[in-house]
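Student: Below you'll find the structure I mean.
The values are calculated or read from the model by the stated rules, or taken from the named source; none is laboratory data. For clarity, every value in this text was computed on a predicted model and none was experimentally measured. Here the Cβ is made from the backbone with ideal geometry for all residues, glycine too, and neighbour counts use every protein chain on show.
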Amino acid sequence: MGEYMFFKNIHIRIKIVMLVIFLFFILIIGKVFYIQVFSYEKLNNYATSLWSRNLPIEANRGKIYDRNGVVLADNITTTSLVLIPNQIEDKEKTAELIAPILGVTYEEMYDHVSVKSSIERVHPEGRRLDYETADKINDLDLPGVYLLKESKRYYPYGSMLAHTLGFVGIDNQGLSGLELMYDDYLTGSYGAIKFFSDAKGNKLELSEIYEQPQDGIDVYLTVDYNIQSALERELDNAVSKYNPDQALGIVMNPKTGEVLAMASRPTFEPSNYENYSTEIINRNLPIWMTYEPGSTFKIITLATALEENIVNLEEEHFFDSGAVKVGGATIHC
């Protein structure tokens, strides 16, 4: 009887152990299934991020048009210099060759090629390069040296509507005027050329992935190019003839309140805003300046009086004595 109970207890313990082992394997299989099915995308993105690198591609900024489709703010394609320091085999030679092309010292260029980062954007000397400079760098065919497309803001009519349009910085961010006010709409989304590298930054022989940038949204104004041109011309004539400190003009549609033209002097060229003082580039006089209309407003007062039949120009007369008393004080003409 004792031996029977002994073997029975052993069998129970074996069954318990087998059950525990079975449940353990079920948990392992369940965990593997969860990882493979439910967490695959998340973990795959984590893994990919460890050995993928992105070369950013800038989107085109949204254009600004007048009411008839005339482009007032456009984009031109330029290139910028980007380095992958871990891929540069001879840092001294690379710095020595590129420095004179960009007009910087060897020491400055060496700092860029030897920086401890996965991607180094040479700023500002390597930004918005002209075609001649870009071709010189491209002809060197140096490892780890890349030229990427970038978009540069271009104002085809120079200083026309300058204060209203505003200007952008070197990273194409709006800094003033409509460029700043509608920056969230005008700014697009970056794309990228995605390549793969090992832990040391060496490029792997895998196909690159191109992610297309999303251009910004275009903006249409109520401004009319032809009316704006006429206003700009007349302000230039007034400045040339009278040499005033300031001049400004606004043309509006009185029925809708639409601004058809707006300009002021002194003015500036948005493409070269850094060459002007802040007093010039930040003061859109038709909006910023407080100006008393003076006698020009008498037309509106008289028109209102006639409309309401308060006065009759045929029957009523006013004799100006040359002075009027107001609050006990005599005010002369």
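Student: Just name the residue that is farthest from Ile193 (Cα to Cα) out of those in region 139-177 that are in contact with a Lys or Arg (Cβ under 9 Å, 6 or more places away or on another chain) and among the β-branched types (Val, Ile, Thr).
Tutor: Looking at residues that are in contact with a Lys or Arg (Cβ under 9 Å, 6 or more places away or on another chain) and among the β-branched types (Val, Ile, Thr), I get Val168.
Student: Looking at Glu292 and the list (1) over 27 Å from Tyr155 (Cβ atoms); (2) in contact with a strand residue (DSSP E or B) (Cβ under 9 Å, 6 or more places away or on another chain), which single condition is not satisfied?
Tutor: Going through the list (1) over 27 Å from Tyr155 (Cβ atoms); (2) in contact with a strand residue (DSSP E or B) (Cβ under 9 Å, 6 or more places away or on another chain), Glu292 breaks only (2).
Student: So which of Leu161, Leu140 ends up being within 28 Å of Tyr273 (Cβ to Cβ) and either among the acidic types (Asp, Glu) or touching a residue at least 12 places away in the same chain (Cβ under 8 Å) (or both)? Spell out how you get there, then give the answer.
Tutor: Numbers: Leu140 fails: within 28 Å of Tyr273 (Cβ to Cβ).
Matching residue, one of Leu161, Leu140: Leu161.
Student: Quick one: is Gly216 buried (at least 16 other Cβ atoms within 10 Å of the Cβ), touching a Pro at 6+ places or on another chain (Cβ under 8 Å) and either at pLDDT 80 or above or in a loop (DSSP other than H, G, I, E, B) (or both)? Step through it out loud before you land on a result.
Tutor: Working: buried (at least 16 other Cβ atoms within 10 Å of the Cβ): yes; touching a Pro at 6+ places or on another chain (Cβ under 8 Å): no; either at pLDDT 80 or above or in a loop (DSSP other than H, G, I, E, B) (or both): yes.
The answer is no for Gly216.
Student: Can you tell which of Thr330, Thr267, Thr296, Thr301 is hydroxyl-bearing (Ser, Thr, Tyr) and either in a loop (DSSP other than H, G, I, E, B) or surrounded by 13 or more Cβ atoms within 10 Å (Cβ to Cβ) (or both)? Before the answer, list the steps.
Tutor: Details: Thr330 fails: either in a loop (DSSP other than H, G, I, E, B) or surrounded by 13 or more Cβ atoms within 10 Å (Cβ to Cβ) (or both); Thr296 fails: either in a loop (DSSP other than H, G, I, E, B) or surrounded by 13 or more Cβ atoms within 10 Å (Cβ to Cβ) (or both); Thr301 fails: either in a loop (DSSP other than H, G, I, E, B) or surrounded by 13 or more Cβ atoms within 10 Å (Cβ to Cβ) (or both).
Result of the check over Thr330, Thr267, Thr296, Thr301: Thr267.
Student: Still on this structure, I have one more. Among the residues of region 243-292, write down those that are of a type in the set (Gly, Ala, Ser) and either in contact (Cβ under 8 Å) with a residue 12 or more places away in the chain or touching a Lys or Arg at 6+ places or on another chain (Cβ under 6 Å) (or both). Let's see the steps before the verdict.
Tutor: Narrowing region 243-292 to residues of a type in the set (Gly, Ala, Ser): 247, 249, 257, 261, 263-264, 271, 277.
Correct list: Ala247, Gly249, Ala261, Ala263, Ser264, Ser271.
Student: Looking at region 230-249, can you tell me whether even one residue there is under 24 Å from Gly174 (Cβ atoms), under 25 Å from the mean Cα position of the chain (by Cα) and not in a loop (DSSP other than H, G, I, E, B)?
Tutor: No.
Student: State whether the residues of region 114-130 include one that is of a type outside the set (Val, Ile, Thr) and part of a helix (DSSP H, G or I).
Tutor: No, because not a single residue in region 114-130 is of a type outside the set (Val, Ile, Thr) and part of a helix (DSSP H, G or I).
Student: Mind checking which residues of region 137-184 are at positive phi and not small (Gly, Ala, Ser)? Write out each step before concluding.
Tutor: Initial filter on region 137-184 (at positive phi): 141, 144, 158, 161, 166, 172, 177.
Across region 137-184, the qualifying residues are Asp141, Leu161, Asn172.
Student: Is there a residue being part of a strand (DSSP E or B), in contact with a Phe, Trp or Tyr (Cβ under 6 Å, 6 or more places away or on another chain) and either at pLDDT below 90 or under 30 Å from Leu165 (Cβ atoms) (or both) anywhere in region 43-51? Break it down into steps so the answer makes sense when it comes.
Tutor: The first filter runs over region 43-51 and keeps only residues part of a strand (DSSP E or B), leaving none.
Checking region 43-51: not a single residue is part of a strand (DSSP E or B), in contact with a Phe, Trp or Tyr (Cβ under 6 Å, 6 or more places away or on another chain) and either at pLDDT below 90 or under 30 Å from Leu165 (Cβ atoms) (or both).
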